[in-house]
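Report on the following structure.
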Amino acid sequence: MERGKWGSNFGFLLAAVGSAVGLGNIWRFSFLCYKNGGGTFLVPYGLAMLTTGIPLLILEFALGHKMRASAPKSMHAIAHDWEWVGWWPVIFVMFGINVYYVVVIAWCALYMLYSVQSPFPWEGNTETYFYHEFLGLTDGVFDMGHVSLPIVGMTAVLWLVLWFICVRRVERGVEVACKIFMPVLFILTSILVVWGLFLTGAPAGVVQYLKPDWAKLGEVQVWREAFGQMFFSLSLGFGIMIAYASYLPQRTNLVRNAFITAIADGGYSIFAGFAVFSVLGYMAHVKGVGVDSVVKSGPGLCFVVYPEAISKLPAFNSVFGFLFFLTLVLAGLTSAMSIIEAFVAAAVDKFGWGRTKVVTVVCLVACGGSVVFTTGAGLLWLDIVDHFLNSYGLVIVGLLEAILVGWYYRIDHLHFHLSEAKQGRYPMAWDVWWEWSVKFVAPTALAIILAWSVMDEFAAPFGGYPTEALVMIGLGWVIGTFLLSGVFTVFTKHRDRDLASRAD
Ligand code: TRP
């Protein structure tokens, strides 16, 4: 069967940016700025992008494009024994991160529908409503409470939508969806930003978001968070960008594509921050308190603070609420579909199964997995799985990728490929920067972050959860998916002959 092919480079870019721009850009980035020195945070963030993010993005693009293969097959081509470095991320993102990510999108979709009800169901106390009535949150990780029917229902609907998109070949599925979703997402965000900036108190919020505090540059924690956010946001170490690049035509400018993707992702984060913080400024104004007392990130921002702001807006409350949650849904869906594509590409590459069959099975299994996160303990499970997969899974994969390509495979192979694909000069001007970043800076930064996480883990149990819960759920997920990647690796061998020629 012939591989999918993007209809155009622009379609590829929309899909890559669609994967990168997700909930994290909206509910986390601006909070990190606020917490870590306002506008000053852009310095570590920008440096993280230049020294690790963009170089690794170029690496993933180059790898997928040169091998014309998904992550496992690409890794196999450069080092047979390390094929699992390709399998592990697509497995744990697909059957870990994505499984709860879709549940969070379902919360957003439900809140979007609730926004047009009057009165709003959260009226009165948004916090009690969200945690107790909406989620039915229990007291402990092993007290599952009950499954919330609206959430399960919506989660199933979203998996069906994702199935519907991904079951088609990439140029008719993901590409078409991103060509519709991404422009709409951008327009919606612009509306929210302009609307927000006209609210009273907005300037005070924006000041809190961006007020520089240069002293923060001296705190290592700030740098760690900049690297972590950048890495997650660019979908690095997910195996996604490798698969996406494999659908590009032979002649393409991968370096430029990497820069555009990274800049669009960072730019979107900064832009969306204005919408978030102008509304926070408005809330502080209405309540007569300082902006600091209303600031939250993650679910607390979207489902506690924002609903309250929506209730308190002077006019068109429902419209604002609807548009805000729709923005989150669209941003989330384009990320969620990207990992399905990456996993499916991997399975099709290796086993030669039909696409329809793989997508159907994968979506069904993952949808079943999502049910855990719709129970009363769902938010707690989400917190734990999220922490472990992000702190260990993604970072280890990024580290191994950089080391294997930089030191084992020899980076000039890819370097030559980049100039060949572009039909440009070799070596290229940025030769040294890329090579040094991949070989030295990125592995060092990732190794430090990893070591630090391990130390933190032993210093105190994450989030105050009981140790047995962390080991069973968090470590269990990390190790379980790791073992599974081993199984997938040894299952059958890739047809080595056609790959061997591509690896040189
Ligand atoms: N980059 C996204 C964000 O910032 C996260 C993401 C990318 C993601 N691809 C994904 C999450 C696939 C789940 C599945 O939020």
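Details
- Each listed q (0.25, 0.32 Å⁻¹) maps to a log10 I(q)/I(0) for the stretch 150-199, found by the Debye formula over equal Cα scatterers with no solvent: -0.86, -1.01.
- Angle between the chain longest axis and helix 149-166 axis [Cα atoms, degrees, rounded to 10]: 30
- Backbone geometry of the stretch 301-312 corresponds, through the Karplus equation with coefficients 6.51, -1.76 and 1.60 at θ = phi - 60°, to 3J(HN,Hα) couplings of 5, 6, 10, 10, 6, 4, x, 5, 4, 4, 4, 8 Hz, x marking Gly and Pro.
- Share of alpha-carbon pairs per 5 Å distance bin for the stretch 132-257, given as whole %: 2, 7, 7, 10, 12, 14, 17, 16, 10, 4, 1, 0
- In angstrom, the C-alpha Rg and Dmax of the stretch 355-428 are 20.1, 58.
- Residues in the stretch 318-327 carry Karplus couplings, in order, of 5, 4, 4, x, 4, 5, 4, 6, 5, 4 Hz; the curve used is 6.51 cos²θ - 1.76 cosθ + 1.60 with θ = phi - 60°, and Gly or Pro positions show x.
- Mean ellipticity per residue at 222 nm, deg cm²/dmol - from DSSP H runs of n ≥ 4 across the chain, formula -39500 (n - 2.57): -20500 deg cm²/dmol
- Alpha-carbon radius of gyration plus Dmax, which is the widest Cα pair, for the stretch 301-445 in Å: 22.0, 61
- Using the Cβ-Cβ distance between Leu217 and Leu450 with R0 set to 22 Å, the FRET efficiency works out to roughly 0.45.
- At 1.306 mPa s and 10 °C, Stokes diffusion of the stretch 1-84 via Kirkwood alpha-carbon radius, µm² per second: 102
- Remark: the stretch 119-136, residue by residue, has Karplus-estimated 3J(HN,Hα) of x, 4, x, 7, 3, x, 9, 5, 6, 4, 4, 4, 6, 9, 7, 6, 8, x Hz, where x stands for each Gly or Pro and the curve is 6.51 cos²θ - 1.76 cosθ + 1.60 at θ = phi - 60°.
- Pairwise Cα inverse-distance average, inverted: Kirkwood Rh of the stretch 313-389 (Å): 15.3
- Per residue accessible area of the stretch 1-110, 1.4 Å probe, in Å²: 22
- Part-to-part distance (alpha-carbon centres) for the stretch 264-308 and the stretch 216-243, which is given in Å: 22
- Euclidean distance between Cα centres, the stretch 451-475 to the stretch 344-363, Å: 34
- Accessible surface of the stretch 106-248, 1.4 Å probe: 69 percent of it comes from carbon and sulfur atoms.
- Each part gets one Cα centre, and for the stretch 81-150 versus the stretch 36-64 those centres are 29 Å apart.
- The ratio of the alpha-carbon radius of gyration of the stretch 18-162 to the globular-protein estimate 2.2 N^0.38 Å is 1.40.
- For the chain, dividing the convex hull volume of the Cα atoms by the residue count gives 137 Å³ per residue.
- Rounded D (µm²/s) - the stretch 65-129, Kirkwood Rh over Cα pairs, Stokes-Einstein at 4 °C, 1.567 mPa s: 86
- A viscosity of 1.002 mPa s and a temperature of 20 °C, combined with the Kirkwood radius over Cα pairs in Stokes-Einstein, give a translational diffusion coefficient for the stretch 224-331 of 130 µm²/s.
- Over 32 Å (Cα to Cα) - which of Lys35/Lys66; Lys35/Lys312; Lys179/Lys422 fall in this group: Lys35/Lys66
- In a reduced charge model with +1 at each Lys and Arg Cβ and -1 at each Asp and Glu Cβ, the chain shows a dipole moment near 1500 debye about its Cα centre.
- Here is the P(r) of the stretch 207-251: all C-alpha pair distances, binned every 5 Å from 0, give 5, 17, 14, 17, 14, 9, 9, 8, 7, 1 in whole percents.
The values are calculated or read from the model by the stated rules, or taken from the named source; none is laboratory data. Note that the structure is a prediction, hence the values are computed from the model and not measured. In this analysis, Cβ positions are derived from the backbone assuming ideal geometry, glycine residues included, and neighbour counts consider all displayed protein chains. Note: areas computed on protein heavy atoms with side chains; ligands, DNA, RNA excluded. Shrake-Rupley method; radii C 1.70, N 1.55, O 1.52, S 1.80 Å.
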